[in-house]
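Notes follow once the structure below has been shown.
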Amino acid sequence: MPFQVDFEPIGRRIRVEPGTTLLDAAQRAGVLLTSICGGEGSCGRCIVRVMSGQVSPPTAIERGELGPDQTAAGWRLACQTTIASDPCIIHVPPDSLATAQRTQTEGQAVAVELQPAVQPFDVQVAPPTLDDLRSDAARVRAAIPRPDLAFDAHVLRRLSTELRDAQFHFSAFVRRSEVVGLRPAGTAPLGLVVDVGTTKLAAYLVDLNTGDTLAALGAMNPQIAYGEDVMTRINHAISRPDGAEQLRAAMVGALNGLRRDLCAQASREVADIADAVVVGNTAMHHLFLGLPVRQLGQAPFVAAENAALDLKARDVGLELAPGAYVHLLPTVAGFVGADHVAMLLATGVAERDGVVLAMDIGTNTEVSLRARGKHLACSTASGPAFEGAHIRFGMRAAPGAIERVAIRDQKVHYQTVGNGPPTGLCGSGILDLVAEMRRANIIDVRGAFQGEGRNLRLRRSGRGREFVVVRGDENNGTEITFDRSDIAEIQLAKGAMRAGVNILLKRAGVRQADIDELIIAGAFGTYLDVQSGIDIGMFPRVERSKVKQVGNAAGTGARMALLSAAQRERAERIARQVEYVELTTEPDFSSEFTHALGLE
C-alpha cells in the first residue's frame with residue numbers, strides 16, 4: 001500500500017511504495033534536491049529533516065557525514081533514507097535545493113542577414129458566398145504566393161474557426177510551403193532559442209522580422225536533481241525503466257516554463273513562437289529527443305544521430321505555435337555536441353587563419369584548435385568542480401558565493417555575488433583562491449600546503465591541513481575553509497582540460513607559443529580571471545591581448561541559426577570539417593594528464 005510523503009515548505013505531496021528513498025520520492029514529486037553524486041551518498045548534499053513519520057535507521061554513510069547529533073535531530077541524507085510509514089512530513093532546507101542562482105545568457109552580438117525559416121504573410125480573403133464556394137484552405141492558398149502551399153494538420157483543424165474569428169484578415173506564418181500558424185493581422189512571428197547546458201539553461205525570445213532579442217532568461221537544468229555530470233545521467237537513464245523519460249520530461253518542462261516566462265516578459269503570446277533552435281552537448285541532445293543514450297556511455301561513444309534535425313516542436317513536447325518546428329544543429333561526435341558547433345558558428349573559429357584555440361568551459365569542456373589547415377576538437381571531463389561540486393564549501397554562483405579572492409599579507413580579501421555575507425565559494429572564487437595560494441607560496445606546485453607556522457590561516461583539523469578563507473569572527477561565527485582534497489578536485493578538473501589542449505597542440509604540430517588567439521566561452525568562462533587560470537596552468541601561457549572571453553557563444557550561434565538558413569548550412573559545413581580526437585585512445589593522454597595536474 002503506498003505511503004504519503006509531504007515535502008515542506010514547498011508544499012509538494014506524493015504517494016510512493018514502502019522502501020522508496022526520499023530522494024526518489026522528491027524527484028517524482030518535482031522537488032529538485034541537489035544530488036551531485038546521483039544518489040550514491042558520497043556528496044552529502046541532499047540533506048533533509050524528517051519531521052514526522054517513520055523512516056529507515058541512519059546508515060553508516062549518514063552517521064559519518066552528519067554525525068550523531070544531527071541524525072538524532074532527524075537530519076538525514078535523502079538518498080540513504082527509505083520511507084517506512086504513512087504519512088511522512090519532510091522539511092527541505094533551502095541549501096538542499098537546486099535553487100535559482102546567477103545564470104549567464106550574454107554573448108557576443110553577431111550580425112547576420114535575415115533569412116528566417118518562417119515568414120509572415122498578411123492575408124485578407126473574401127468570405128464565402130453562394131457564388132463563391134471555395135474551401136477556406138483554397139482561399140488562403142490563393143492569397144499566399146507559395147507553390148503547393150500546405151497546412152500543418154493542427155493548423156488545418158483550427159483554420160475555419162480562426163478565419164471567422166479574425167473576420168478573414170490575419171497573419172499566416174509560413175515555413176517554406178507549410179502554414180505553421182495563424183495569428184491576428186500584423187503579428188510578427190517569434191523564434192525561441194535554448195542552449196541546454198549540463199548545469200544551466202539559457203533561453204532567448206527573438207523577433208524573426210527584425211532579428212531583435214526581445215527577452216533572455218537563464219535557469220538551472222532540472223536534470224541536476226538526477227546527477228551533476230553527463231555520465232551519471234546516462235547511467236540513470238539506462239538503469240531505470242523510466243529513467244530516460246524522467247530526464248526528458250524534466251528538461252522539456254523547464255523549456256516550456258522558460259518560453260512562458262519569456263513571452264510574459266515581452267508581452268507576447270506563446271502561439272506567436274513559430275520556430276525554435278535548441279543546442280546542447282550530445283547527451284543533452286539525445287535526452288531531449290528521447291534518443292537512446294546507452295551507446296553514449298560505452299566505448300566507442302557513438303551518437304544515434306549526428307546530422308541536423310528538423311522536428312515538429314509538439315513531437316518533442318515543446319508547446320509553441322501549432323505547427324512550429326524545432327531545429328537542432330548537427331553534433332560532431334559522442335561528446336562534442338551541437339552547442340560546440342554553435343560556438344564555432346558565433347566565433348568564426350572554423351574560418352580563421354593562424355592558430356586559434358577555443359575552449360567552451362562547463363561540466364564538460366570542449367576544446368577546438370584551428371591550425372595549419374586542420375580543425376581538431378575534443379571533449380574533456382572537467383567535471384562540476386568549478387560549479388562548486390565536491391568542494392567542501394563549494395556552491396554555484398548564488399548570492400553570498402565568493403567570486404573573487406586576493407591574498408595580501410596573510411589577509412584574505414574577497415567579493416561575493418550580491419555583495420552579501422559569504423556563504424561559500426563558487427567557481428571563479430575557487431580558481432582565484434588556488435592561484436592566490438600558489439602565488440603566496442601557501443601551496444606548492446603539487447598542491448601540498450607549506451609554510452605551516454608562518455601562516456596564521458593554516459591549521460590542522462579532522463580533515464587534515466586546511467586554509468581558513470573566512471574566519472568565524474569575521475562572519476557571524478561561520479567559517480569557510482579550503483583543504484587538500486578541495487585543491488585536488490581543482491587539479492583534476494584543470495588537469496583534464498589542459499591535457500586535452502596539449503594533445504590537440506601535439507596532433508597539430510604546434511606549440512603554445514604559436515597560439516595567435518585563445519577564445520574562452522561558456523558561463524564560467526565569462527566570470528573567471530584569465531590570469532588565475534594561466535598561473536595554475538589551466539590555460540596555455542599566452543599574452544593577455546590574445547585572450548578573448550566571449551560569454552555564451554553557443555547561445556549566440558543558435559540565434560544566428562534561428563535567423564538565417566544560410567547559417568544553418570554553414571553549421572553543417574563546420575561540423576563536417578571538424579576532426580574529433582578521442583582522448584581515451586591517445587597514447588600520450590595519461591602522461592599529459594599527470595603532468596597537467598601540477599599548478600604551474
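Every number here is computed from the coordinates shown, using simple stated rules; none is lab data. This structure is a prediction, so every number in the text was calculated from the model and none was measured. Ideal geometry is used to build each Cβ from the backbone, glycine not excepted, and the neighbour counts take in all protein chains shown.
For the chain, return all DSSP H helices satisfying: extent of Cα atoms along own axis at least 30 Å; mean Kyte-Doolittle hydropathy at least -0.5.
Qualifying helices: 243-266, 484-508.
Would you calculate a helix-derived [θ] at 222 nm for the chain, using -39,500 (n - 2.57) for each DSSP H run of n ≥ 4 and dividing by the full residue count, to the nearest 500?
Theoretical 222 nm ellipticity from helices: -9000 deg cm²/dmol.
Can you tell which of Leu23, Thr556, Val123 lies farthest toward the positive end of the dipole of the chain, using +1 and -1 charges on the Cβ of basic and acidic side chains (Lys, Arg; Asp, Glu)?
Of Leu23, Thr556, Val123, it is Leu23.
Determine, from the Cβ-Cβ distance of Arg471 and Met1 and an R0 of 56 Å, the FRET efficiency 1/(1 + (r/R0)^6), rounded to the nearest 0.05.
0.60
Each residue of the stretch 115-125 in order: what ³J(HN,Hα) in whole Hz does its phi give by Karplus 6.51 cos²θ - 1.76 cosθ + 1.60, θ = phi - 60°, with x for Gly and Pro?
So the J values, rounded to whole Hz, are 9, x, 5, 10, 10, x, 10, 7, 10, 10, 10.
Relative to the Cα centre, what is the charge dipole magnitude of the stretch 118-184, using +1 at the beta carbon of each Lys and Arg, -1 at the beta carbon of each Asp and Glu, and rounding to the nearest 20 debye?
Result for the stretch 118-184 is approximately 180 debye, rounded to the nearest 20.
Below 8 Å, C-alpha to C-alpha, sequence gap of six or more: please give me the relative contact order for the stretch 3-96 in percent.
In percent, rounded to a whole number, it is 41.
Choose one of Pro58, Leu262, Ser461: the residue whose Cα lies farthest towards the positive end of the charge dipole of the chain (beta-carbon charges +1 Lys, Arg; -1 Asp, Glu; about the Cα centre).
Highest projection toward the positive end goes to Ser461.
Amide H to amide H, which residues 5 or more places from Val174 or on other chains are under 5 Å from it, using H placed in the peptide plane?
The list, which skips near neighbours in sequence, is Gln119, Phe121, Val180.
Under 5 Å between amide hydrogens, which residues at least 5 positions from Arg404 or on another chain qualify, with H placed 1.01 Å from N in the peptide plane?
Gln415
Could you order peptides 201-211, 290-300, 219-229 by the average number of other Cβ atoms within 10 Å of their residues, highest first? Before the final figure, lay out the partial values.
Values: 201-211: 21.5, 290-300: 15.4, 219-229: 23.8.
Going from most to least packed, we get 219-229, 201-211, 290-300.
Could you work out how far the C-alpha centroid of the stretch 217-293 sits from that of the stretch 440-514, in angstrom?
Cα centroid to Cα centroid, the span is 34 Å.
First check a/c for the chain, with a ≥ b ≥ c the square roots of the eigenvalues of its C-alpha gyration tensor; if it is under 1.5, answer rounded, and if not, answer prolate when a/b is larger than b/c or oblate otherwise.
Taking the square roots of the gyration eigenvalues as a ≥ b ≥ c, the chain is oblate.
Mind giving me the FRET efficiency for Arg158 and Glu245? R0 is 25 Å, r the Cβ-Cβ distance, nearest 0.05 is fine.
Calculated value: 0.30.
Hey, what do the phi angles of the stretch 349-357 turn into as Karplus ³J(HN,Hα) couplings, whole Hz, using 6.51/-1.76/1.60 and θ = phi - 60°, x for Gly and Pro?
The phi angles translate into 4, 5, 9, 7, 8, x, 10, 10, 10 Hz.
Before anything else, pin down the relative contact order of the chain: Cα pairs under 8 Å, at least 6 apart, normalised by residue count, whole percent.
Relative contact order, the chain: 13 percent.
Can you compute 3J(HN,Hα) from phi for each residue in the stretch 366-373, using the Karplus curve 6.51 cos²θ - 1.76 cosθ + 1.60 with θ = phi - 60°, rounded to whole Hz and x for Gly and Pro?
9, 10, 10, 10, 9, 7, 6, x
Fully extended, how many nm does the chain gain between Asp165 and Ala448 (0.36 nm per residue separation, minus their Cα-Cα distance)?
Taking Asp165 through Ala448 to full extension adds about 94.5 nm, to one decimal.
Starting from the 7 Å offset along Cα-to-Cβ, what nm value, one decimal, do you get for the label separation of Ser485 and Ala406?
Result for the modelled spin labels: 3.3 nm.
Arg49 to Ala513: FRET efficiency via 1/(1 + (r/R0)^6), r the Cβ-Cβ distance, R0 41 Å, to the nearest 0.05?
Working: r = 56 Å, r/R0 = 1.37.
Efficiency computed from Cβ-Cβ geometry: 0.15.
Please report, in debye to the nearest 20, how large the charge dipole of the stretch 3-96 is about its Cα centre when each Lys and Arg carries +1 at its beta carbon and each Asp and Glu carries -1 there.
The dipole magnitude comes to about 160 debye.
Taking a spot 7 Å from the Cα of Glu572 along the direction of its beta carbon, which residues of the stretch 284-311 have an amide N less than 17 Å from it?
From the stretch 284-311, the list is 305-311.
Spin-label point model (7 Å from Cα, Cβ direction): what's the Lys374 to Ser591 distance in nm?
1.8 nm
For the chain, can you list the cysteines whose C-beta has no other cysteine C-beta under 4.7 Å from it?
Cys46, Cys79, Cys88, Cys263, Cys378, Cys426
For Val547, what residues show an amide H to amide H distance below 5 Å, using hydrogens built from the backbone and excluding near sequence neighbours?
The answer is Leu518.
Let me spell out the model: positive unit charges on the Cβ of Lys and Arg, negative unit charges on the Cβ of Asp and Glu, origin at the Cα centre of the stretch 455-600. What dipole size does that give, in debye rounded to 20?
The dipole of the stretch 455-600 has a size of about 140 debye.
Which one of Ala401, Gly38, Ala142 is farthest out on the positive end of the charge dipole of the chain, using unit charges on Cβ (Lys, Arg +1; Asp, Glu -1) and the Cα centre as origin?
Farthest along the dipole direction, towards plus: Ala401.
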